[in-house]
Amino acid sequence: MDAPLLAFDTSAAHCAAVVVREGRVVQQAFEPMARGQAEALMPLLERLLQAERLAWRDLGAIGVGIGPGNFTGIRISVSAARGLALGLGVPAIGLSTFELMLDGAGLPSASDLVSVAAPRDRAYVQRFAHGRPVDGPELIDLGTPTEFTLPPETRVVGYEAQAIARATGATGDEAEIDDLPARLAAVLTRKAAEGAPAKRPAPLYVRPADAAPSRDAPPEILA
Amino acid sequence: MSRTLTLLGIESSCDDTAAAVVRATGDPKILSSVVIGQTALHGSYGGVVPEIAARAHAEKLDDCVSEALDRAGLALGQMDGIAVTAGPGLIGGVLSGVMCAKGLAAATGLPLVGVNHLAGHALTPRLTDDLPYPYLMLLVSGGHCQFLIVEGADRFRRLGGTIDDAPGEAFDKTARLLGLPQPGGPSVQAAAAEGDPGRFRFPRPLLDRPGSDMSFSGLKTALLRERDALVAAQGGLYERDRADMCAGFQRAVTEVLAEKTRRALAEYLCLAPRHPALAVAGGVAANSSIRAALDAVAQWAGAAFVAPPLALCTDNAAMIAWAGIERMQIGLVDDMTLAARPRWPLDNGSAPMLGGGKRGAKA
């Protein structure tokens with residue numbers, strides 16, 4: 001029998017978590033939360049496990065939302081998941097917001113472009129073929145999505161999907177993630193069945209860190 | 001000392017990712033101490049970039065913990081607790097450390113101990129030299145500068161500190177202004193060794209005021225003025241100018257720290273401690289000119305001078321594990337609601353010196 005699974009996500013203003021047993025969601029929580037996720041997350045997870053009379057060591061794998069999303073929020077969950085995985089000796093599996101978005105959009109097509117909201121009128125996008133990512137994620141400006149070419153018959157799924165689709169000649173399915181625990185469960189169950197991942201989960205930032213090189217120009221050194 | 005305790009310590013509050021295993025028996029022992037620095041990541045920015053630091057911590061902490069356990073030859077299950085820096089510091093890194101520690105503590109059922117980073121520094125002389133309470137601590141680093149009377153594992157009284165920059169920041173800034181490599185401490189010290197400290201007369205702020213508060217921001221402004229005057233006059237700096245400026249700068253910092261330490265020592269000695277001691281911690285304590293001056297001041301006052309080895313003066317996790325041990329020994333442990341705090345003054349009794357508003361005092 002497959003061991004129970006636990007997944008959680010704090011990549012936006014929420015704490016979401018789910019416990020899966022034998023492929024079924026048995027406990028779930030979604031708590032809107034603008035701040036305080038670092039304090040709330042572990043007690044929330046312990047409540048879900050206790051409700052199922054499970055101990056941490058009963059888990060077979062940990063799923064964790066890796067974004068893209070709020071940088072700090074992603075790190076809160078990824079750090080906890082990596083600590084848990086090391087302590088329990090079980091795999092931690094990263095679940096991207098793209099995978100979570102695509103999960104609710106019916107059967108994956110031969111070419112999907114998944115779109116997730118980004119700050120300042122932009123979107124994070126990633127191409128998928130038959131439900132699997134093909135390229136790395138990108139950040140696009142919604143004002144100029146035309147700079148972007150897509151294979152014919154591509155379906156755009158997610159944030160501002162129709163606008164992106166119009167500009168690129170694709171079809172668009174506007175979508176949002178309105179049932180996060182269920183999607184965490186579904187994507188984790190599918191990925192856990194594929195076995196332990198080669199890499200530990202890492203935050204999917206897409207945007208580089210805001211940092212400007214030093215403005216202090218060094219003086220000329222005379223010989 | 002009470003029962004044997006072996007703790008894992010985790011530190012990620014600035015630009016070093018660190019994990020260590022420390023065992024307290026009659027004679028405490030550092031079983032391992034791993035520090036992964038980020039100097040190269042921040043090099044081109046002229047200082048630590050918080051988001052870059054946070055990204056690096058999040059993906060290195062578990063490796064660092066594994067390596068510390070491996071080097072100690074122990075498994076997680078052989079620990080008695082997990083201590084983690086819960087502040088003050090760059091919040092992204094502190095959060096990653098706290099969450100990693102919570103994951104480890106949940107997985108193993110071990111007690112979780114949140115440690116104030118400054119307490120880690122302040123308690124290090126007890127790990128290295130078994131120093132009895134109360135002692136005077138000068139904590140002087142890139143982010144901090146304060147005098148503390150250390151009375152217990154959770155009892156600290158601040159006598160004074162910087163009202164603006166920390167000396168470590170001033171060393172880094174000096175290096176940037178003069179085109180020397182980062183971190184500034186070692187490069188400024190090396191250049192100063194060749195220079196004439198008497199050529200430039202830099203200010204000694206707050207020496208004319210009573211007490212042990214300090215200020216270092218005016219010093220870098222004065223240095224910038226001298227540099228710009230020379231560049232305007234001769235089109236650049238000669239090596240000689242640079243060495244002289246470093247020497248003058250280092251002497252100014254040394255004299256301010258020495259004089260303020262003398263005053264803090266006088267205040268501390270009023271407590272009539274049985275074994276009077278001055279201890280230093282923080283990266284700036286590695287500067288040999290400053291160290292020699294502090295040693296002389298302590299001798300003059302009849303106090304022992306304790307400077308832990310450099311690797312334990314700069315950021316490390318052995319000090320966090322040790323502070324965790326001291327807290328556990330007096331029954332202080334945390335639960336899964338432990339918060340990461342960007343600001344967390346050690347001494348809640350004294351009036352705040354730096355910062356305020358909704359985020360609270362910085363020091």
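The values are calculated or read from the model by the stated rules, or taken from the named source; none is laboratory data. The structure presented is a predicted model; accordingly, all values stated were derived computationally and were not measured. We place every Cβ from the backbone using ideal geometry, glycine too, and count neighbours over all the protein chains shown. To get the accessible areas, we keep the full protein, side chains included, count just its heavy atoms, and leave off ligands, DNA and RNA. Shrake-Rupley method; radii C 1.70, N 1.55, O 1.52, S 1.80 Å.
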Practice problem: Kindly express, to the nearest 10 degrees and within the range 0 to 90, the angle between helix B:117-129's C-alpha long axis and the longest C-alpha principal axis of chain B. | Solution: 80 degrees
Self-check item: the protein assembly as shown: antiparallel DSSP beta bridges as a percent of all, rounded to 5
Solution: 60 percent
Quiz item: So, by mean Cβ neighbours within 10 angstrom, what's the order for A:206-217, B:253-264 with the highest one leading?
Solution: B:253-264, A:206-217
Self-check item: Per DSSP, loop GluC sites (Glu not before Pro) in segment A:29-82 with at most 16 further Cβ within 10 Å
Solution: A:E52
Self-check item: Shape box of segment B:135-310 [Cα atoms, principal axes, largest first, Å]
Solution: 58, 32, 28
Quiz item: Per residue of A:38-44, what is the mean number of Cβ atoms on other protein chains within 10 angstrom of that residue's Cβ?
Solution: 6
Quiz prompt | Counted charge near A:Y205, where neighbours are those whose Cβ lies closer than 10 Å (Asp, Glu -1; Lys, Arg +1) | solution = +2
Self-check item: For segment A:120-179: span of alpha carbons on each principal axis (Å, largest first)
Solution: 29, 28, 21
Self-check item: Candidates A:L59, A:L150, A:L100: whichever shows maximal mean-square fluctuation once chain A is modelled as a Gaussian network with Cα springs under 10 Å
Solution: A:L150
Practice problem: Could you work out the mean count of beta carbons from other protein chains within 10 Å of each residue's beta carbon in B:169-177? | Solution: 1
Quiz item: Taking chain B as a Gaussian network, Cα atoms linked when under 10 Å apart, which of B:A107, B:A20, B:A56 shows the biggest mean-square fluctuation?
Solution: B:A107
Practice problem: Based solely on C-alpha atoms, express the radius of gyration and the Dmax of chain A in angstrom. | Solution: 19.5, 76
Exercise. Go through B:80-86, B:295-301, A:83-89 and give me the packing order, highest mean Cβ count within 10 Å leading.
Key: B:80-86, A:83-89, B:295-301
Quiz item: For segment B:190-287, what is the convex hull (Cα atoms) projected area averaged across all directions, in square nanometres?
Solution: 7.5 nm²
Quiz prompt | Long pairs among B:K60/B:K220; B:K60/B:K173; B:K220/B:K260; B:K29/B:K173; A:K199/B:K29, criterion Cα-Cα beyond 31 Å | solution = B:K60/B:K220; B:K29/B:K173; A:K199/B:K29
Quiz prompt | A:A55 paired with A:E194, simple spin-label distance in nm, labels 7 Å along Cα-to-beta-carbon | solution = 3.3 nm
Exercise. Could you please state how large a percent of the accessible area of chain B is carbon and sulfur, counting protein chains only and using a 1.4 Å probe?
Key: 51 percent
Practice problem: Quick one: divide the alpha-carbon radius of gyration of segment B:85-135 by 2.2 N^0.38 Å and tell me what you get. | Solution: 1.38
Quiz item: So in chain A, what percent of DSSP beta bridges are antiparallel if you round to the nearest 5?
Solution: 60 percent
Quiz item: Expressed as a whole number of Å, what is the distance separating the alpha-carbon centroids of segment B:255-293 and segment B:66-118?
Solution: 31 Å
Quiz prompt | Electrostatic dipole magnitude of segment A:1-152 [Cβ: Lys, Arg +1; Asp, Glu -1; Cα centre; debye, to 20] | solution = 340 debye
Practice problem: Could you sort the residues of segment A:56-81 by number and keep only those whose accessible area is reduced by 40 Å² or more in the all-protein-chain setting relative to the chain alone, 1.4 Å probe? | Solution: A:R75, A:S79
Quiz prompt | GNM top mover of A:E176, A:E99, A:E138 - chain A, alpha-carbon springs below 10 Å | solution = A:E138
Quiz item: Per residue, what volume in Å³ does the Cα convex hull of the protein assembly as shown take up?
Solution: 170 Å³
Exercise. Highest first, please rank the peptides B:336-346, A:179-189, B:165-175, B:319-329 by the mean number of other Cβ atoms sitting within 10 Å of their residues.
Key: B:319-329, B:165-175, A:179-189, B:336-346
Quiz item: Over all residues in B:39-49, what is the mean tally of Cβ atoms on other chains that come within 10 Å of each residue's Cβ?
Solution: 3
